[in-house]
Amino acid sequence: MDLNGKVALVTGAGRRLGRAVAIALAERGAVLAIHYRNSQAEAGATVAQIVGTGGRARSFAADLEQISEIERLVAEVIAAFGRIDVLINSASVFVRKPLTDISERDWDINLDTNLKAPFFLSKIAGLAMRRNGAGKIINLGDWAGIRPYLNYIPYSVSKAGLIGLTRALARALAPEVQVNCIALGPVMPPDDYDAAELERLRKATLTKRLGSPADVARAVIFLCEGTDFATGSTLMLDGGRILN
């Protein structure tokens, strides 16, 4: 798919990886729908950066825990830009809690944001893409979906589900829409990680470095523009961490 002129919806695009991916897509000529929940100022700054370099972008607010909000989000993007060609499911929650402290709310927020929302976004946007004859859906996952993190059970389960969802959607939306997942390793760790924890993560990779937002953005661009033959795949982008 040539991204020039295509409409891309990126969830959680006001901050961190979602922002980096959105800017990279805009640099390839895509029109960006920048989703946010609470980060209105950050989403506005992302839009301003894209528009300031000659691109097209607009921000859209939605609570992805609510299906009605997801339906509204997709409808508003299509009303604003006429179509959706690319969906990047980037929005995610990542909270550390030991097994003894996990509540029903902890379970629900992880599964709703990290798995239910990508499903309903992909269902609604994917069917619209299929009617238009082509589309790309990319889920930003985690290698924890294959090898769970200690003290992140709901998160790890949600990311395992996202890998399975990627495969199921690839079959359901074929042949028009390709659906793939990127399983991230140590890329932009949480802000509360101290220097010792970051160094431990770095040493645990085979590449002996942490991943960067640019690494993720390049992988997304490859799955959008580099091939139309990959679907149902999970790309490990973890510096070899899962092998170490």
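Taken together, the values in this text are just the output of simple stated rules run on the coordinates, not laboratory data. It should be emphasised that the depicted structure is a prediction, and the values quoted were computed from it without experimental measurement. Ideal geometry is used to build each Cβ from the backbone, glycine not excepted, and the neighbour counts take in all protein chains shown.
Extension gain ALA168-LYS208, at 0.36 nm per residue separation less the Cα-Cα distance, in nm?
Details: separation 40, 0.36 × 40 = 14.40 nm, distance 3.40 nm.
Gain on stretching ALA168 to LYS208: 11.0 nm.
A simple count of charges around ASN132, restricted to other residues whose Cβ falls under 14 Å of its Cβ and scoring Lys, Arg +1 and Asp, Glu -1, yields +3. Among the lysines of the stretch 7-243, pairs that are 8 or more positions apart or on different chains and have alpha carbons within less than 29 Å of each other number 11.
Extension gain for GLU176-ASP63 works out to 37.8 nm (0.36 nm per residue, less the C-alpha to C-alpha distance). The charge dipole of the stretch 151-244, taken about its Cα centre with unit charges on the Cβ of Lys, Arg, Asp and Glu (plus for the first two, minus for the last two), comes to roughly 340 debye.
Charge dipole (Cα centre; +1 on Lys/Arg Cβ, -1 on Asp/Glu Cβ; no other charges) of the stretch 7-243 amounts to roughly 560 debye. FRET efficiency for the pair SER103 and ILE146, taken as 1/(1 + (r/R0)^6) with r the Cβ-Cβ distance and R0 = 30 Å, rounds to 0.70. The residues SER156, SER90, SER233, when put in order of fewest to most other Cβ atoms within 10 Å, stand as SER233, SER156, SER90.
For the chain, the 222 nm mean residue ellipticity estimated from helices alone, with every DSSP H stretch of n ≥ 4 adding -39500 (n - 2.57) and the total spread over all residues, rounds to -13500 deg cm²/dmol. A crude spin-label estimate for the pair ASP194 and ALA45, with each label 7 Å from Cα along the Cβ direction, gives 2.7 nm.
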